[in-house]
Amino acid sequence: MEKKISNEAAVMAGTKTPITRERLSRDFEALGVEPGMCLLVHCSMSNIGWIPGGAQLLVETLLDYLGKDGTLMVPTHTTHLSDPITWEAPPVPADWIDPVRNGFPAFDPHKTPTRGMGILPETVRRWPGAVRSNHPHTSFCAIGLRADELMADHALSSPMGTGSPLQKLCDIDGSVLLLGVGYGNNSCFHLAEDFLDNAPRIIDGAPLLQNGKSVWTKFDSIAYDDEGFEQCGADFEKSSTTRKGKIGNGDCHLFSARTAVDFAKTWLRQNR
């Protein structure tokens, strides 16, 4: 029987030499990452190449490079706490809806794991001193000088909109690093959806802690949609200053969060 090649083995096979701390630091510098930055990172570890120590070494290197005045921010979303009535892969039988809603543990920023975000956000979430925002679906997490400021007061009704960590990142002119991923992963484009006149809204829900118990709680939210983000990003690169390069083997993009959101506001109005 033919053996399956593990994902790690495939990554090692595609890496000429190990991606060391020294290599990562050189690549960050060449791309334009600067000490003191507030940096939102979206990442595919497998596209970077094989790193001794994996996500731990990448986080350590980023924090060392950003320094004591810098801040590292990642998305720590928890889509498994969404309303099961909307699930499609797989769908939930109708008679499961209430038992699933009532069976969820309440969202806890200290305990609830991420889902589908990759190993880097989960590593940051567990990092000593990490601060996580309090949204049960679209939390973010940060380490560094401005972590508390960025993560504070994340309203239920603004998952990725006004007043969210994304808005605060723009307000302080923070940057975004797409590390081995494309613009389809660029969460700050979702902030631009908040400014669309015709943005569709939904009634969503999540399990929240109330009087010591998990209670299914409904709230109003924009129905965020990443349709067109890759094209929006391609057009953004043509009209703005972005830095492109490699971190390890991964194709990367570095840009101002505020500039990207301002561009996306106009692009989405014209193309949706």
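What follows is calculated from the coordinates using simple rules that are stated; it is not laboratory data. The shown structure was predicted, so the numbers you read here are calculated from the model rather than taken from an experiment. Counting neighbours? That spans all protein chains shown, and the Cβs are built from the backbone with ideal geometry, glycine included.
Which number do you get for Rg(Cα) / (2.2 N^0.38 Å) in the chain?
Dividing the Cα Rg of the chain by 2.2 N^0.38 Å gives 1.03.
For Phe195 and Thr86, what does the FRET efficiency come to when R0 = 30 Å and r is the distance between their Cβ atoms, rounded to the nearest 0.05? Walk me through the numbers before you get to the answer.
Numbers: r = 24 Å, r/R0 = 0.81.
For Phe195 and Thr86, the calculated efficiency is 0.80.
Which residues' amide hydrogens lie under 5 Å from the amide hydrogen of Ser214, considering only partners 5 or more residues apart or on another chain, with H built in the peptide plane?
So Ser214 has HN proximity to Ala106.
Do the alpha carbons of any pairs in Lys68/Lys111; Lys168/Lys218; Lys68/Lys213; Lys68/Lys244 sit beyond 29 Å of each other, and which pairs?
Going by Cα-Cα distance, Lys68/Lys213 fall outside the 29 Å limit.
Placing +1 at every Lys and Arg Cβ and -1 at every Asp and Glu Cβ, with all other atoms neutral, what dipole size does the chain have around its Cα centre, in debye to the nearest 20?
So the magnitude is around 560 debye.
Explain nothing, just compute: Karplus ³J(HN,Hα) = 6.51 cos²θ - 1.76 cosθ + 1.60, θ = phi - 60°, for every residue of segment 120-126 in order, whole Hz, x for Gly and Pro.
5, x, 5, 5, 5, 4, 8
Explain nothing, just compute: Karplus ³J(HN,Hα) = 6.51 cos²θ - 1.76 cosθ + 1.60, θ = phi - 60°, for every residue of segment 64-76 in order, whole Hz, x for Gly and Pro.
4, 6, 5, x, 5, 9, x, 9, 9, 10, 9, x, 10
To the nearest 10 degrees, how steeply does helix 21-31 sit against the main Cα axis of the chain, on a 0 to 90 scale?
80 degrees
Alpha carbon centre of segment 45-120 versus segment 179-241: separation in Å?
Taking the Cα centre of each part, segment 45-120 and segment 179-241 sit 15 Å apart.
Quick check: pseudo-label points 7 Å beyond the Cα along Cα→Cβ at Lys238 and His110, how many nm apart are they?
5.1 nm
Would you please give the FRET efficiency between Asp173 and Asp98, computed as 1/(1 + (r/R0)^6) with r the Cβ-Cβ distance and R0 = 35 Å, to the nearest 0.05?
Values: r = 46 Å, r/R0 = 1.31.
After rounding to 0.05, the efficiency reads 0.15.
Under 12 Å from the Cβ of Gln231, count the other residues' Cβ atoms, weight Lys and Arg +1, Asp and Glu -1, and hand me the total.
That works out to -3.
Rounded to the nearest 500 deg cm²/dmol, what is the calculated helix-only ellipticity per residue at 222 nm for the chain, with -39500 (n - 2.57) per DSSP H run of length n ≥ 4?
Counting only the DSSP helices, I get -9500 deg cm²/dmol.
Over segment 66-165, one equal point on each Cα, no solvent: what is log10 I(q)/I(0) by the Debye formula at q = 0.12, 0.20 Å⁻¹?
-0.43, -0.99
Using per-residue counts of other Cβ atoms within 10 Å, averaged over each peptide, order 88-100, 179-191, 8-20 from highest down.
Peptide ranking by packing, descending: 179-191, 8-20, 88-100.
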